[in-house]
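Undergrad: Dropping a structure here in structure tokens format, bear with me for questions.
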Amino acid sequence: MSANDPVIAVVGGGPAGLMAAEVLSARGVAVHLYDAMPSVGRKFLLAGRGGLNLTHSEPFERFAGRFGKRSAQIEPLLRAFGPEALCAWVHGLGIQTFVGTSGRVFPTDMKAAPLLRAWMHRLREAGVHFHMRHRWLGWSDAGALRFASPEGKVEIEPEATVLALGGASWPRLGSDGAWVPWLVARGVAVAPLLPANCGFDIGWTPYFAERFAGKPFKSVAVSAADAQGGRFARKGEFVATATGIEGSLVYAASALLRDQIVAEGSATLWLDLLPDRSAEQVHAAVLHPRGARSVASHLKSRLGLEGIKTAVLHEVLTREQMHEPETLARTIKALPLRLVAARPIDEAISSAGGVRFEALDSHLMSMALPGVFCAGEMLDWEAPTGGYLLTASMASGVVAAQGVLRRLRPPRTES
């Protein structure tokens, strides 16, 4: 590189920012990466503590359809760097992978740290300059990037900028959404940041909250419907909390439930306590004479219902209704849980909302701020758990970097 080579700033050291830095540096571009934290990839490392879920092995079309309302915008990114490309990239770092029984893809050792170490070694070898403890503060009046650093205020004027600042679900790791007003002030359309893959508040009785917080609902099914006629239905398990519910089955439905709460003030999640038994079987078991046994003993004997499953029936039915066989049987198969609020965004696994795709061109460059590209979770999209968020974040970093290269070195046109 010569002294006259263009310098590119990447702001944010998560997967999207690191991938943008890799693509750019591999093409001989001088990259300076800035992050507010003492080291990069902090959320990446934390997410990998329970086993780093890299991506998913399902067919591409199904994978690309997992992004809800933004599937049409995410699919082109995945075509640039999809699940297969991600696995090949991981293997290129010397990390082997395996496919779990659920179809999810993991490193063989399940750990994030070895992958990040290998990645950082590659980036340093490629000449990427890392500036840690540099918190971005927006732009100066003259248009320079402003940072707060251990040495004081820093201003730089790069040839182009890739912003990969994350959402707002991990403020202690740097993803705090502080960037929103700075982009809005410069005319960039930003959708409000909302919790995604989150839990919800119900408002249990003190009795239920004290005895069953932390207890799982196992072997159940849930369903929910939105105003447009869409419907979610799935079997699995989730957990009761002191205030409501959380867990994988709840997270899978969280976008639909959250949007319904925003629109209507509450949402209803229908719980089937016995999904492996038909409504007719449940009805017959409830109607069976119970003699001197209590309702609870009868349900345990005939249907295996006990513990948290019996307790939740008491949360929605009165004492009188518990003794009405028709009502009881119907509720066992379709118990309404009224959700009144999503848990706060800083408790969520990820966030929705962010820079609207309508404010960006096909290379993720801001149309209001030419030369400024956006990538990762700060974009207006959301993904379910299962490796989808990581894959699409890295894909957006690839596409943003390709956009920078295109801007620096426009393709020649034939005369």
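Bear in mind these aren't lab numbers, they're just calculated from the coordinates by the rules spelled out. What you see is a predicted model, and the numbers here were worked out from it, not measured in a lab. So basically every Cβ, Gly included, is an ideal-geometry build from the backbone, and we count neighbours across all protein chains shown.
Undergrad: Determine the gain in length on full extension of the stretch ARG186-VAL154; use 0.36 nm per residue of separation and subtract their C-alpha separation, reporting nm with one decimal.
TA: Contour length minus the Cα-Cα distance gives 9.5 nm.
Undergrad: In angstroms, what radius of gyration and Dmax does the chain have, counting Cα atoms only?
TA: 24.9, 94
Undergrad: Percent antiparallel among DSSP beta bridges with both residues in the chain, to the nearest 5?
TA: Around 75 percent antiparallel, to the nearest 5.
Undergrad: Same structure, new question: For segment 40-48, in order, what is each residue's ³J(HN,Hα) by Karplus, 6.51 cos²θ - 1.76 cosθ + 1.60 with θ = phi - 60°, in whole Hz (x at glycine and Pro)?
TA: So the J values, rounded to whole Hz, are 8, x, 5, 5, 4, 5, 5, 4, x.
Undergrad: Taking the chain as a Gaussian network, Cα atoms linked when under 10 Å apart, which of GLN96, GLN260, GLN321 shows the biggest mean-square fluctuation?
TA: Checking each option, the largest mean-square fluctuation is seen for GLN321.
Undergrad: Under 5 Å between amide H atoms, partner at least 5 residues away or on a different chain: which partners does TRP170 have, H built in plane at 1.01 Å?
TA: SER175
Undergrad: Residues with beta-carbon under 13 Å from that of PRO275, excluding PRO275: net charge, scoring Lys, Arg +1 and Asp, Glu -1?
TA: +3
Undergrad: Right, something else. Suppose the chain between LYS235 and VAL316 were pulled fully straight at 0.36 nm per residue; how much longer would it get relative to their current alpha carbon spacing?
TA: 27.1 nm
Undergrad: Using 27 Å as the Cα-Cα cut-off, could you pick out the over-long pairs in LYS43/LYS309; LYS235/LYS309; LYS300/LYS333?
TA: Those over the limit are LYS43/LYS309.
Undergrad: Shifting gears a bit: For segment 306-323, in order, what is each residue's ³J(HN,Hα) by Karplus, 6.51 cos²θ - 1.76 cosθ + 1.60 with θ = phi - 60°, in whole Hz (x at glycine and Pro)?
TA: 7, x, 5, 5, 5, 4, 5, 4, 5, 6, 10, 10, 6, 4, 5, 5, 5, 9
Undergrad: At 0.36 nm per residue, minus the direct Cα-Cα distance, what do GLU324 and SER57 gain on full extension? Give it in nm, one decimal, please.
TA: In short, 91.4 nm is gained.
Undergrad: So for each of 161-172, 189-200, 41-52, 213-224 I average, over its residues, the number of other beta carbons within 10 Å; can you give me the resulting order with the highest mean first?
TA: Ranking the peptides 161-172, 189-200, 41-52, 213-224 by packing returns 161-172, 189-200, 41-52, 213-224.
Undergrad: With Cβ to Cβ distances under 14 Å as the rule, what net charge do the other residues near TRP89 carry (K, R +1; D, E -1)?
TA: Local charge sum for TRP89: -1.
Undergrad: For a quick check: with amide H placed at 1.01 Å from N, whose amide H comes under 5 Å from VAL7's, ignoring anything fewer than 5 positions away on the same chain?
TA: Those qualifying (amide H under 5 Å, at least 5 residues apart or on another chain) are GLU159.
Undergrad: Karplus couplings for segment 351-361 from phi (6.51 cos²θ - 1.76 cosθ + 1.60, θ = phi - 60°), rounded to Hz, Gly and Pro as x?
TA: With the stated coefficients, segment 351-361 comes to 10, 10, x, x, 5, 5, 4, 5, 8, 10, 8 Hz.
Undergrad: Taking the 0 to 90 degree range and rounding to the nearest ten, how far is the long axis of helix 113-125 tilted relative to the main principal axis of the chain, both from C-alpha atoms?
TA: Relative to the chain, helix 113-125 is tipped by roughly 10 degrees.
Undergrad: I've got another one for you. Kirkwood Rh over alpha-carbon pairs of segment 200-342, then Stokes-Einstein at 25 °C and 0.890 mPa s: what D in µm² s⁻¹, rounded to an integer?
TA: Diffusion coefficient, whole number: 157 µm²/s.
Undergrad: From the mean inverse distance of alpha carbon pairs (Kirkwood) and the Cα radius of gyration, derive Rg over Rh for segment 136-185.
TA: 0.98
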